[in-house]
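Chemist: Just dropping this structure here.
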Amino acid sequence: MRTYIFLATVLLGAVATAAQQGAPTPELYSKQTLEEMRRLQAATLASDYAYKQTGYLSNNIGPRLSGSPQAARAVEYVADEMRKQGFEVRLQKCMVPRWVRGEERASVVEFPGMAASSTQKLTVAALGGSVATPAEGLTAEIVIVSSFEELNSLGADKVRGKIVVFNYKFDTELQASGFGLAAYGNAVQYRFGGAMAAARLGAVAVLVRSAGGSQNRLVHTGLMGYTDGVTKIPAGAITYEDADLLAWLAKDGRVRVNLVLTPQKFPDVESHNVIADLKGSERPEEIVIVSGHLDSWDLGTGAIDDASGVAMSMSALVQLRRLGLKPKRTIRFIAWMDEESGGRGSGAYFEEEKKNVANHFAAIEADLGASHPIGINFAGKSEVAAFLAPITAVLSKQGATQLQQQGGVGADITPLTRAGVPSFAPWFDQRTYFKYHHTAADTFDKIVPRELAEGASLVAVLAYGLANLEQPLPR
Ligand SMILES: [Zn+2]
């Protein structure tokens with residue numbers, strides 16, 4: 001993480017060398033570009049276009065699980081909308097998994113202090129990709145661990161035939177301090193890797209404490225993984241509250257749980273990324289990507305994850321066209337498919353473009369909600385920070401002044417980032433995102449129109465600035 005102090009030194013460094021060499025400071029953005037960035041910002045902040053598109057995707061189309069009819073309808077809708085807005089649109093084929101959620105319920109059927117023949121209901125959801133239990137469910141004793149180390153220290157004798165409960169607590173204090181993504185990063189390893197680790201020791205199923213910061217008895221679903229040679233066991237997520245309940249009960253004696261998860265997995269189906277270009281006027285072969293992912297999980301309607309990111313990116317091209325602004329480089333809108341279930345859309349794009357990476361000038365992805373953006377995250381050479389200063393100067397009007405360097409800034413653009421393409425994302429306030437992330441509460445009411453417009457403005461101003469940058473970006 002590097003902020004202004006760094007910025008100042010680099011700028012000073014650049015100015016110093018230029019002065020020593022007596023050469024004028026290389027101009028990064030023309031006066032006209034800076035003026036146009038301010039006009040674009042004003043127009044986008046005043047527009048409800050992104051808000052309306054987010055509403056349509058989340059309310060009129062709804063949850064857009066990869067391979068689902070809703071995801072296919074969303075591809076069609078976004079393609080039509082961008083055509084209506086005057087852009088040339090192409091659909092890029094990718095094969096995506098088709099996993100369908102089934103019945104899901106769980107209850108504690110034996111526990112210390114229980115009233116005779118009573119049970120306690122647990123709120124559970126299958127993790128994405130999970131196999132099913134038998135239709136009538138499976139009942140087994142639970143063993144609770146808070147880490148892989150603790151699990152492995154128990155060994156197969158204590159785990160075989162049991163349901164392993166991974167009780168890693170999402171750090172809500174880290175979230176409250178604005179580091180929701182870091183807290184998520186620490187927790188998500190159990191969601192993805194829990195079933196494999198537990199199956200290696202003979203467990204019959206896993207329940208994972210939600211990798212998210214809500215405390216409203218909401219389950220956070222998400223992708224889990226299997227690996228060849230290890231038994232595939234059912235995997236579900238439970239709420240913050242129910243994980244606490246099981247930990248409390250298990251302190252005093254044996255606890256048994258009945259778990260019913262009946263998801264189905266079908267053969268992969270054909271789907272698409274939606275791609276639309278606003279051709280560059282001077283360097284059309286050079287590309288600046290603006291993007292978000294069109295698929296979502298199915299518990300909520302995927303408003304903050306990630307209808308808002310797709311809508312911000314649509315808005316960037318639409319506002320530029322409405323203002324008659326012509327970027328020097330091509331600005332390419334991409335609505336990625338299958339970010340949540342494996343990144344097949346991102347993979348298909350990289351496969352097609354890997355020989356053309358050098359012409360990818362920059363890549364932007366908005367996939368961390370729609371709260372107030374406080375700045376720009378970037379991945380790539382540290383020197384890139386200096387090129388962003390005039391952009392954050394424009395964005396300071398809306399409070400987005402901070403810069404943060406990270407290893408990666410967006411799952412779908414990561415193949416491009418790894419190939420050296422300077423990558424960017426809005427740095428959103430992360431204090432609420434992970435309270436709703438992948439839950440039934442990821443719904444349109446969580447979108448604050450002003451904040452969404454600020455995100456759309458940041459994406460548009462950043463993209464237009466980079467598309468008109470007078471110098472090549474370090475890479
Ligand atoms: Zn997402």
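The values are calculated or read from the model by the stated rules, or taken from the named source; none is laboratory data. All values reported here derive from a predicted model rather than from experimental measurement. No Cβ is skipped: glycine too gets one built from the backbone with ideal geometry, and neighbour counts run over all protein chains shown. Protein only, heavy atoms only, side chains kept; ligands, DNA and RNA dropped before computing areas. Shrake-Rupley method; radii C 1.70, N 1.55, O 1.52, S 1.80 Å.
Chemist: Can you give me the Kirkwood hydrodynamic radius for the chain, using every pair of distinct Cα atoms, in Å to one decimal?
Modeler: Working: mean 1/r = 0.0428 Å⁻¹.
This gives a value of 23.3 Å.
Chemist: I would also like to ask the following. Given the Cα-Cα distance of ARG431 and GLU103 and 0.36 nm per residue of separation, how much length would full extension add, in nm? Mind dumping the intermediate values first?
Modeler: Working: separation 328, 0.36 × 328 = 118.08 nm, distance 3.21 nm.
Value of the extension gain: 114.9 nm.
Chemist: Using r as the Cβ-Cβ distance of ARG160 and PHE266, and R0 as 25 Å, what FRET efficiency do you calculate, to the nearest 0.05?
Modeler: Details: r = 32 Å, r/R0 = 1.27.
Once rounded, the FRET efficiency stands at 0.20.
Chemist: I would also like to ask the following. If you take the beta carbon distance between ALA393 and TRP248 as r and set R0 to 51 Å, what does 1/(1 + (r/R0)^6) give as a FRET efficiency, to the nearest 0.05? Present the calculation step by step, with values, prior to reporting the outcome.
Modeler: Details: r = 53 Å, r/R0 = 1.04.
Once rounded, the FRET efficiency stands at 0.45.
Chemist: With a 1.4 Å probe and all protein chains left in place, how much accessible area per residue does region 230-369 have, in Å²? Numbers along the way, then the final one.
Modeler: Numbers: 4490 Å² over 140 residues.
That works out to 32 Å² for each residue.
Chemist: In addition: Once a ≥ b ≥ c are taken as the square roots of the eigenvalues of the Cα gyration tensor of region 27-81, is the result rounded (a/c under 1.5), prolate (a/b larger than b/c) or oblate (a/b not larger than b/c)? Could you put the intermediate results ahead of the total?
Modeler: On the way: a/c = 4.25, a/b = 2.56, b/c = 1.66.
The shape class here is prolate.
Chemist: Note the angle between two axes, namely the Cα long axis of helix 4-20 and the longest principal axis of the Cα atoms of the chain, as a number of degrees from 0 to 90, rounded to the nearest 10.
Modeler: 30 degrees
Chemist: If I stretch the segment between LEU323 and GLU173 completely, what's the gain in nm (0.36 nm per residue apart, minus their alpha carbon distance), one decimal? Display every interim value, and only then the final one.
Modeler: Values: separation 150, 0.36 × 150 = 54.00 nm, distance 4.33 nm.
Here the segment from LEU323 to GLU173 would lengthen by 49.7 nm.
Chemist: For region 136-248, with all protein chains present and a 1.4 Å probe, just round the carbon and sulfur fraction of the accessible area to a whole percent. Don't skip to the answer; put the middle values down first.
Modeler: Values: 2270 of 4520 Å².
So the carbon and sulfur contribution to the accessible surface is 50 percent.
Chemist: Let me know the shape class of region 102-262, please: from the alpha-carbon gyration tensor, a ≥ b ≥ c as square roots of the eigenvalues, rounded when a/c is under 1.5, otherwise prolate if a/b is greater than b/c, or oblate. Walk me through the numbers before you get to the answer.
Modeler: On the way: a/c = 1.41, a/b = 1.17, b/c = 1.21.
The shape class here is rounded.
Chemist: Looking only at region 398-429, which residues have a backbone nitrogen under 18 Å from a spot 7 Å from the Cα of SER382 in the C-beta direction?
Modeler: It comes to 403-408, 422-423, nothing else.
Chemist: Which value in deg cm²/dmol, rounded to the nearest 500, describes the helix-derived mean residue ellipticity at 222 nm for the chain, given -39,500 (n - 2.57) per DSSP H run of n ≥ 4 and division by the residue count?
Modeler: On the way: 15 runs with 168 residues, N = 475.
-11000 deg cm²/dmol, from helical runs alone.
Chemist: Relative to the longest principal axis of the C-alpha atoms of the chain, give the angle of the C-alpha long axis of helix 180-199, reported between 0 and 90° and rounded to the nearest 10°.
Modeler: Between helix and principal axis, roughly 40 degrees.
Chemist: What's the FRET efficiency of GLN85 with GLU136 using the Cβ-Cβ distance as r and R₀ = 56 Å, to the nearest 0.05? Provide the component values of the computation, followed by the final result.
Modeler: Details: r = 52 Å, r/R0 = 0.93.
Step by step, r from the Cβ atoms, then E = 0.60.
Chemist: Among 316-326, 48-58, 82-92, how do they line up from the highest to the lowest mean number of other beta-carbon atoms within 10 Å?
Modeler: Details: 316-326: 19.7, 48-58: 22.2, 82-92: 14.9.
Ranked from most to least packed, the peptides come out as 48-58, 316-326, 82-92.
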